[in-house]
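Here the structure is laid out as structure tokens; the discussion comes afterwards.
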Amino acid sequence: MGEVAKPLLRVEDLTVRTGSGTTLVDALTFDLKAERVALVGESGSGKSLTARAVLGLVRPPLTVTAARLELNAFDLRTASAPEWARRRGSIVSLMLQDPRFSLNPVIRVGRQIDEIMTLHGKATAATRRDRIRDMLSAVGLDATRRILDAYPHQLSGGMGQRVMLAMMLINGPRLLIADEPTSALDAGLRDQVLELMMNLVEKRRMGLLLISHDLPRVARYCERVLVMYRGRIVDRCSAASLAQASHPYTRALWDCRPSGRTYGTELPVLDRGWAGDGATS
Amino acid sequence: MNTIAVDVAVKVDDLSVRFAESRHPRWVIDNLALHIETGVVFGLTGPSGCGKSTLLRVLAGVNRDWQGTMEIFGRAVTPHRRFEGELRRDVQMVFQDPYASLHPRHTVERCLAEPLRIIGVTDGRARVAAALEEVGLSWDVAYRYPNQLSGGQRQRVAIARALLHRPRLLLLDEPTSALDLSVQADILNLLNRLKRAHPMTVVVVSHDPGVIGHLCDQAAVMQDGKVQRWLNRAELSQEGSFK
């Protein structure tokens, strides 16, 4: 465990541009150790694109440049396609918003979890079966035929997201990137899934980059927060101090959440033009 | 029975809805009674699958396969029949995903002018301009297609369309859950503003206790097709008193 203190992910001046030269992510610099970091901001602020750039998933006509982009001390900037493929799903995993869209709809869940192990190792079928059972029980599911033989559409949202989490963690990655992992779930399930994720990440001493626009939840589950606006990091703070954030943009994001106590009042809104405000994807 | 029927916007009794297509038919709404007074913002909340959206679709006349009795503004509605007469204008709905509820190949102008043309309004253009202004959009967006709008703008267009006929009952199905928190705040403010400007009864479905607590005067928490709990304003104000 000599690696714990060293950053898992080092990003320096990460920039993503469109073919016509518009800057979408602008000179981002941050490090991530075995800790829980949240990347927050509105739709279109570039947070998902940042995650994709870190995973080498940005395709032309978009271009990625960086002064430094290292995962586990490996330089990602010059990585070849096979080198990327070896790392994605084994050293770094990506969990997306809606399990119904990120799982293959025509392959049974058990086989999909199995596949990610066969792609990244030589474990025997018996070992893989044991690992699936252990992993599923870690995310609170039983490795029964009902789950393993189910197609993704037969799972509820919460179960689907647990299956995704199991899949993403089964190869023991050092870093999990979760892009709005709970926005397709209802309020009660959100906390369940996040709590589970935080427990597993902590137990396995992994790094977590959680992309979210839900600041109160981020404050509860993460340690550090990076606030993005229009492609830049505009504020960095500890999650615990979010409620007292001084930056006006962070403040506005924090205050705009409705509740029973805001009944009859105007919610504070961000002062921004409608033109640059992208759609929720 | 109360005799002041005028003050009741929605009066539903013994309502049951069953989804029969699966092998195990299941009561999605099970003997439910719901009375909503005129002018109230009423919330329906509960976990996924509790029947809250189905109930809203029955009130909207979208789901017509139900049993029981239903009156909207004192007019009886019959199962398996479309809404008739004024009810068709009086009841309007806004859906969760504005992208799915706006025709992708129609401009905003066309999408808003169509419901007016159908009822024979001739000054359509002026009404569309007024409707856009009312939801905080400029005439610039009138000739755009839905994919050229942001999520918040799209939901504003959907709200503008619902308000064109000056409905007396506005139904909102998760009106902000496809939106960012910051855009959600804009839309919630807009809804409150519109409610103040036009007296309407509003029924809003949301899984988010924050949205329900912010908007509603009264609410019902549903579970397995039944109302599990009724909430008044004081209970809605207590953070964490329901989920």
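Quick rundown of the values:
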read-out	value
Minimum 50 Å² accessible area buried by the other protein chains, the stretch A:246-261 residues, probe 1.4 Å, relative to alone	A:256, A:258, A:260
Accessible surface buried once A binds B (1.4 Å probe; total of both sides; Å²)	2700
Cβ neighbours within 10 Å from other chains - mean over A:183-189	6
Chain A - mean residue ellipticity at 222 nm from DSSP helices (-39,500 (n - 2.57) per run, n ≥ 4, rounded to 500)	-9500 deg cm²/dmol
Isotropic mean projected area of the C-alpha convex hull, the stretch B:8-236 (nm²)	12.6
FRET efficiency estimate (nearest 0.05) - Cβ-Cβ, residue A:234 to residue B:138, R0 30 angstrom	0.60
For residues of B:45-56, the mean tally of beta carbons on other chains within 10 Å	2
Residue-by-residue Karplus 3J(HN,Hα) for the stretch A:72-88, coefficients 6.51, -1.76, 1.60, Hz, glycine and proline x	6, 6, 9, 6, 7, 5, 10, 5, 7, 4, x, 5, 5, 4, 5, 7, 5
Helix-derived mean residue ellipticity, 222 nm - over chain B, DSSP H n ≥ 4, -39500 (n - 2.57), to 500	-9500 deg cm²/dmol
DSSP bridge pairs, the stretch B:8-236: antiparallel proportion in percent, nearest 5	55
Sparse-neighbourhood loop sites, trypsin sites (Lys or Arg not before Pro) in the stretch B:99-152 - DSSP loop, at most 10 other Cβ within 10 angstrom	B:105
0 to 90° range, to nearest 10: angle between helix A:125-138 axis and chain A longest Cα axis	40
For the protein assembly as shown: span of alpha carbons on each principal axis (Å, largest first)	77, 51, 43
Label-to-label distance, nm, for residues given as residue A:265 and residue A:22 (7 Å Cα→Cβ offset)	3.6
Amide proton proximity set for residue A:207, modelled H, under 5 Å, gap of 5+	A:35, A:175, A:176
Protein accessible area in chain B, 1.4 Å probe - carbon and sulfur %	47
Å² per residue, accessible surface of the protein assembly as shown at 1.4 Å	46
Gap separating the Cα centres of the stretch A:78-153 and the stretch A:13-54, nearest whole Å	26
Residue A:31-residue B:88 pseudo-label distance in nm [points 7 Å out on the Cα-to-Cβ vector]	6.8
Residue A:6 accessible area, assembled protein chains, probe 1.4 Å, Å²	120
Beta bridge orientation in the protein assembly as shown: antiparallel %, DSSP, nearest 5	55
Beta bridges per DSSP with both ends in the stretch A:132-281, % antiparallel, nearest 5	55
Relative contact order of chain A, pairs being alpha-carbon contacts under 8 Å that are 6 or more residues apart, as %	25
Interface residues in the stretch B:132-176 - accessible area drops by 30 Å² or more relative to the isolated chain, probe 1.4 Å	B:150, B:153
Of all accessible heavy-atom area on chain A, the percent that carbon and sulfur account for (1.4 Å)	50
Spatially near lysine pairs across the protein assembly as shown, Cα under 30 Å, sequence gap of 8 or more or different chains	21
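The values are calculated or read from the model by the stated rules, or taken from the named source; none is laboratory data. All of these numbers come straight from a predicted model, not from anything done at the bench. Note: ideal-geometry Cβ built from the backbone for every residue, glycine included; neighbour counts use all protein chains shown. What goes into the accessible areas is simple: the full protein's heavy atoms, side chains included, and nothing from ligands, DNA or RNA. Shrake-Rupley method; radii C 1.70, N 1.55, O 1.52, S 1.80 Å.
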